[in-house]
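Taking it in order: structure first as structure tokens, then the write-up.
Computed from the coordinates by the stated procedures, all read-outs in this text should not be read as laboratory data. The structure presented is a predicted model; accordingly, all values stated were derived computationally and were not measured. Every residue, glycine among them, receives a Cβ derived from its backbone with ideal geometry; neighbour counts consider all protein chains shown.
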Amino acid sequence: MAALARAALRFLSRPSYGCVAGASFLQSSVRPGLARGICTASRLFGDAGEKSDGTLGAHSMQEPQLENETKEAKHEDDGSRKTSHSDDLEGEAIAGEEFEEQTKLRVLNRALEFVPEYGWSMEALAEGAEAEGLSAAAAGMFEQGAVELVVHFVRECNTQLRKQLTEENARLQQEQDEQRPVEEFLRDALESRLRMHIPYMDRWSQAMGLLLTPQALPDSVCLLTELVDEIWFQAGDRSTDFNWYTRRGLLAAIYSATELVMIQDSSEDYEETWSFLEHRLANASLATQAASQVKQTGESLVQGVIGAAITVSHCSAPNFVWVPFHKAQQKCVLVAVS
Amino acid sequence: MCFLRKARGVAAALARRCLSVEARKSNFGYEVVTETEKTNKVYGVFQNVAKNYDTMNDAMSLGIHRWWKDSFMRLMNATPGIRLLDVAGGTGDIAFRFLDYISSKPHRAFQKEEQDLSWEEISQMYEQREGEQSIDKGSMVVVCDINKEMLHIGQARARERTNTNGLSWILGNAEELPVADNKFDIYSIAFGIRNVTDIPRALDEAYRVLRPGGRFMCLEFSHVTNPVVERLYDIYSFQIIPVLGEVIAEDWKSYQYLVESIRLFPDQSAKSRPN
């Protein structure tokens, strides 16, 4: 979606004066997923190579490896089968895209090591590329630069959390232990997810800022919704009514607020953050429980509404207290305290 | 006797075949010429045009080529330490922009991150800026051009600039670069590749001199997609630009060649297809 918008913007921004032909830039990459999808679609309609993203730079870089790959594939195939030239090209295009994706992942993972020093930036990506044995110019593969690095990291964290929770649930099922109370489960899930930020805590405020930029917004919103959905699903939520939305909305708000608290927390092992998290979950559980158990009595409804209101007010307009934000620069920020 | 006649016949046939292999045809604008002729003719065009190269570019693109080159730089997004080879960049447009981009990067990054500084930190920053060179980590740009006149213009411009650290000039053919293997991080060719006689060879050379992970960046005129605009552009190209060439540079033919070479260069989709 973001890539389409970008492509549209790029097309529209091309000057269309009479004398200007439209300069063409040969550059490193289009978003691989989108490109692959478009490639597949165009192949289905019998129009190969419409949006192939093999640029000469990337393609010529891959040529030796590709030649080996296609040779091996041919050996494996039945020798009597004829492959046409266009099939070869398509095969090369697919192999090229996969190679590009793998290279991007390698560089992104390596660049994370340089984030504490260089921040979430093109420099970190360039250092990552150099560390992988590629030229620093390979960081130019990432059109959005630092934003792609942050989005990759957040996606990796979500994947790791999903694995963790799935394993835990499987273990509980095997041992036939009792399911933990929902609140405790949510607390542990959010805590383990937030702990993944600890190695990058000094630069996490920069990452949060990058996630709010327009080019990152679709991705970051998607990732947040995926995260809260995953956590609730693993907690056992199978609701099919409006509760689905309230629960996830509340959890997203709690997560965001806790993240903000965490970046300025200077306590031992982030204890203040976890206590903040517990209190927010306790406030929120009033809302969820009351909504599910309510026998339409006014009192429990009112209690539920108050619980939700307290949660939202603590998340969005907290009790203001000045606390140190950046130790080196002695900045302070208003923060929620409970 | 009959053997000698046969031998002469065979020799003649061989000679004809050799000649036809050597005299491969290429396009010089809409004119079909041999490849060696094309190289010489293109050399002649740029020799004539060198002094007014900027004016020529302004005429061809109504001044928008400057925006394109700035965009090109942003797309390149070079970090300090990058080595750039700018081919067919005789007058140094891309090279100078690269130097400016690299030297301004630390300041821009600094501005983005540090908003509230104490006065001590600011004074430290000034001391640092005086001490260090504007290019750190060994960024360098090498400008390569086949045409001496274009290089002279570029060098004259460089002398007027304050910051030329890491800039060097070499005379060379894009099809046979006088550069060792795996040397550069970025190979750029701006408005030059359509003038190259044997483009696949130039691309092979680019592949050779680039490091693994290096980027090939090409900026070139291409086809207009909108048919209405295309017609206007055709009129402008064929009726107005050569006249301007005659008026500004007293050289109708060179500008005719330049306009025709744009028409013959493959369009955007053909260029991005791997082949």
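Miscellaneous remarks
- When the test is whether a residue is surrounded by 15 or more Cβ atoms within 10 Å (Cβ to Cβ), polar (S, T, N, Q) and under 21 Å from residue A:282 (Cα atoms), residue A:220 does not pass it.
- As for region A:149-162, it holds at least one residue that is away from chain B (no Cβ under 14 Å) and in contact with a Lys or Arg (Cβ under 6 Å, 6 or more places away or on another chain).
- Selected residue (only one of A:167, A:178, A:98, A:123 is away from chain B (no Cβ under 13 Å), within 26 Å of residue A:215 (Cα to Cα) and over 16 Å from the mean Cα position of the chain (by Cα)): A:98
- Residue check for residue A:265: of a type in the set (Asp, Glu) and in a helix (DSSP H, G or I): no
Each row is one residue, and each column tells you yes or no for (1) within 14 Å of chain A (Cβ to nearest Cβ); (2) under 23 Å from residue A:128 (Cα atoms); (3) free of Cβ contacts under 8 Å to residues at least 60 places away in the same chain.
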{"position": "B:141", "(1), (2), (3)": "yes, yes, yes"}
{"position": "B:158", "(1), (2), (3)": "no, no, no"}
{"position": "B:161", "(1), (2), (3)": "no, no, no"}
{"position": "B:166", "(1), (2), (3)": "no, no, no"}
{"position": "B:185", "(1), (2), (3)": "yes, yes, no"}
{"position": "B:204", "(1), (2), (3)": "yes, no, yes"}
{"position": "B:209", "(1), (2), (3)": "yes, yes, no"}
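- Screening residue B:228 with (1) touching a residue at least 40 places away in the same chain (Cβ under 8 Å); (2) farther than 30 Å from residue A:137 by Cα gives one miss only, at (1).
- Subset of region A:91-121 (residues that are crowded, with 16+ Cβ neighbours inside 10 Å and free of Cβ contacts under 8 Å to residues at least 12 places away in the same chain): A:118
- Test: residue in region A:140-153 that is surrounded by 18 or more Cβ atoms within 10 Å (Cβ to Cβ), outside any helix (DSSP H, G or I) and without any contact (Cβ under 8 Å) to a residue 12 or more places away in the chain: no
- Of all residues in region B:40-70, those satisfying the criterion of being touching a strand residue (DSSP E or B) at 6+ places or on another chain (Cβ under 8 Å) and not basic (Lys, Arg) are B:42, B:68.
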